[in-house]
Amino acid sequence: MRVRTVLSILASLALLVSLAPAVMAAEDTVSGSFTPANVTPTVSAVEIYSDAALTSVANSLTPQVMYFIKVTAADGNTIEDIDQIDVELFYDAAGADPAAPGAPNAQTAANITWDKDGGGSEWVISAGSPTSWAITSANCSIPGAMTASSGDWVFAVTLGKVATESVGAADWDLYARANDAGGSGEAYTRDKEVLWYGEIATSASADFGSVAVGSGFADNTNEVTGISVNYITNGDYDQQVKSGATWAGATYTGNYDATGATGSSQQFSLNAYISDTFASRVQVDTTGASIDATGTITSETGNTVANNTLWLRVASVFAIDTYSGTITYIIADR
């Protein structure tokens, strides 16, 4: 009987346990957040290349030629965080450590910018006004993946006509800066040279009209003045003049005499100068005679010499005809 009672009690306890509600896990949420600290961007390299494939580093630069400037920048917040890339190609005559880039100037400094937000134009160049420096947006590029930690920006830049010549001096430097909201990183590349560039234009003509045979090389005789010539260059230059070897007529030919003697029939010759000062005249040849070798770097609009003058001498025997040929004004490096 006692055994039965114990078993009954145990059975009752088991039933009570089975009828008790199951104990469930409980949970609640706590919001979490963090903000990565801003990382200042860095520039690891800036270089200029002569080809779009970026395989040939350019150390000698020619005005009015397109070059490709590559800037390699990084940011620990990804390069999407970079707001702007600034590049300056500038003349640094000090020849020591790179000086601070200067204000925009067609002769000495071009400021070039990539702006993520556009600001009217994503790619901008500033080099004073007027200027023939240029940036070609179609040939510029940004990194392919802005979520990467680093990437390359490429600027397609054409050097201006009067970017200061520095042959043998390597006085041009490259500067690049990457900017974000918290700061900037920068880098330099030094010692590029810019080659000499010259450009010349004239719309003048020299009509000596009717001249007496055996005349010339006298003040106010067979003289044409007021010949305007414009010179544009990035360095020292020499103004020169040459004549064609022959001038053609309808029937006859005039033969140019570079000595100025005109001692034989059908010979003619020219003297020239930058003004109508007869005493300063120079004998013109067929390759280029210097009439002024004191020219220096010009502005973008050039240096206009408005009163170039020519004097004609003709032999004492010359067939009647109308003769015409070429007189060429030259800008030459010096």
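General remarks:
- Applied to region 254-262, the Karplus parametrisation 6.51 cos²θ - 1.76 cosθ + 1.60 on θ = phi - 60° returns per-residue 3J(HN,Hα) values of x, 9, 7, 10, 6, 7, x, 6, 6 Hz, with x for Gly and Pro.
- Per-residue HN-Hα couplings for region 74-88 [Karplus 6.51, -1.76, 1.60; θ = phi - 60°; Hz; x = Gly/Pro]: 9, 8, x, 8, 6, 6, 4, 6, 6, 8, 7, 10, 10, 10, 10
- Applying D = kT/(6 pi eta Rh) to region 189-254, where Rh is the Kirkwood radius over alpha-carbon pairs, T corresponds to 25 °C and eta to 0.890 mPa s, the Stokes-Einstein value obtained is 151 µm²/s.
- Summarised as an ellipsoid, region 156-233 has semi-axes of 54, 14, 8 Å, derived from the eigenvalues of the Cα gyration tensor scaled by 5 and square-rooted, with the largest first.
- Over 23 Å (Cα to Cα) - which of Lys70/Lys116; Lys192/Lys242; Lys116/Lys161 fall in this group: Lys192/Lys242; Lys116/Lys161
- Across region 255-274, the residues whose backbone nitrogen lies under 16 Å from the label position 7 Å along the beta-carbon direction of Val213 are 255, 262-269.
- Region 96-135: Rg to Rh, with Rh as the Kirkwood radius over Cα pairs: 1.05
- Accessible area per residue (1.4 Å probe, heavy atoms of protein chains only) ranks Glu165, Glu27, Glu186 as Glu27, Glu186, Glu165, with the largest value leading.
- Principal semi-axes in Å for region 195-334 [√(5λ), Cα gyration tensor, largest first]: 29, 14, 13
- Computed over protein heavy atoms with a 1.4 angstrom probe, the accessible surface ordering of Lys192, Lys70, largest first, is Lys70, Lys192.
- About the centre of its Cα atoms, region 71-204 shows a dipole size close to 400 debye [charges on the beta carbon of Lys, Arg (+1) and Asp, Glu (-1) only; nearest 20 debye].
- Across region 49-146, Cα-Cα distances exceeding 17 Å account for 59% of all pairs.
- Shown in residue order for region 165-170 are the 3J(HN,Hα) couplings computed by the Karplus curve 6.51 cos²θ - 1.76 cosθ + 1.60 at θ = phi - 60°: 4, 9, 4, x, 9, 6 Hz (x for Gly and Pro).
- Normalised radius of gyration (Cα atoms, divided by 2.2 N^0.38 Å) for region 70-200: 1.09.
- Angle between the chain longest axis and helix 2-19 axis [Cα atoms, degrees, rounded to 10]: 30
- Mean shadow area of the chain, taken as a quarter of the surface of its Cα convex hull (nm²): 32.5
- Computed over region 245-308, the range of Cα coordinates on each principal axis works out to 45, 27, 20 Å, biggest value leading.
The values are calculated or read from the model by the stated rules, or taken from the named source; none is laboratory data. Just so we're clear, the structure is a prediction, and the values are computed from it rather than from any experiment. Reconstructed Cβ throughout: ideal geometry from the backbone, glycine too, with neighbour counts over all protein chains shown. Ligands, DNA and RNA are stripped out before the accessible areas are found, and what is left, the full protein with its side chains, is counted by its heavy atoms. Shrake-Rupley method; radii C 1.70, N 1.55, O 1.52, S 1.80 Å.
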